[in-house]
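Structure first, commentary second.
The values are calculated or read from the model by the stated rules, or taken from the named source; none is laboratory data. Quick caveat: nothing in here was measured; it's all calculated off a predicted structure. Positions of Cβ are backbone-derived with ideal geometry, glycine not excepted, and every protein chain shown enters the neighbour counts. Heavy atoms of the whole protein, side chains included, go into the accessibility calculation; ligands, DNA and RNA do not. Shrake-Rupley method; radii C 1.70, N 1.55, O 1.52, S 1.80 Å.
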Amino acid sequence: QDLRSLVRDENIISEPEKKNTAMAILYASAHIYQRNPDATITSFPSDHFISHLTNFDKDIKKATRLAQSDSIVTIGIKPNSPSTSFGYIILDPKDKEKVKTFIEKPNLNEAKKLISQNNCFWNSGIYTFKTSTLISEFQQHSKDYVPLYRKLLDNINRPQIIKKIYSLSPSLPIDTAISEKSHNMKMIKASFTWNDIGEWKSIYQE
């Protein structure tokens, strides 16, 4: 109801069941590919608080340009505390845009060690990519999704078949399926203000 004044109904896609973010991103990408095979896509988690929207707009445009080099681009947030609620990104010290490592939610001692490094950032979960790049990465790192994606493309307007395809899908976050395995990830530093408000502590902070 809130979206209807901003987004046309045909641009709102409903998943038949929860299968985590890898499948959600593939499903949305299949819809977009049918309309524009050359599109560059950005996926955003919905439970984030973002301000300084002019900077946010500039960062997304920068990520879009960088994604043309056939990389998946994420936006990193400079940590202000040793949080155990977020994944962490370590940049390659020789290349300030190339991701060296993804580290999924560490314990407190590990988080303290991580944030002492200059090349350490929180993972915002915001990803920008061309569809061809995304599918290439799935082909290399999570092959089970590739035939499902092709079936999505062939049956994008058949809800009952989509439901069946979803029932066959693994249930992995995009971070596990791709980000933590890929050698083709790049990152830009956020110039906007960000918080993940998926928990009460973060909501209280804001």
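Couple of notes before you dig in:
- Evaluated against (1) buried (at least 17 other Cβ atoms within 10 Å of the Cβ); (2) over 17 Å from H183 (Cα atoms); (3) in contact with a helix residue (DSSP H, G or I) (Cβ under 9 Å, 6 or more places away or on another chain); (4) polar (S, T, N, Q), T133 falls short on exactly one condition, (2).
- Number of positions in the range 183-203 that are open to solvent by 60 Å² or more (accessible area, probe 1.4 Å) and either within 18 Å of the chain's Cα centre (by Cα) or charged (D, E, K, R) (or both): 4
- Residue check, S43 at pLDDT 95 or above and of a type in the set (S, T, N, Q): yes
- Subset of the range 11-40 [hydroxyl-bearing (S, T, Y), assigned to a helix (DSSP H, G or I) and under 16 Å from P159 (Cβ atoms)]: Y27
- Between E180, E206, the distinction of being more than 14 Å from the chain's Cα centre (by Cα), among the acidic types (D, E) and open to solvent by 10 Å² or more (accessible area, probe 1.4 Å) belongs to E206 only.
- Pairs linking a residue in the range 162-177 that is charged (D, E, K, R) to a residue that is modelled with pLDDT under 95, with Cβ atoms under 8 Å and 6 or more positions apart or on different chains, are D175/G87; D175/F102; D175/E104; D175/N123; D175/G125.
- Among the candidates Y88, Y145, Y149, Y127, residue that is within 25 Å of T40 (Cα to Cα) and in contact with a Ser or Thr (Cβ under 6 Å, 6 or more places away or on another chain): Y127
- For the range 46-83, filtered to residues that are surrounded by 17 or more Cβ atoms within 10 Å (Cβ to Cβ) and of a type in the set (G, A, S), the residue that is modelled with the lowest pLDDT is S83.
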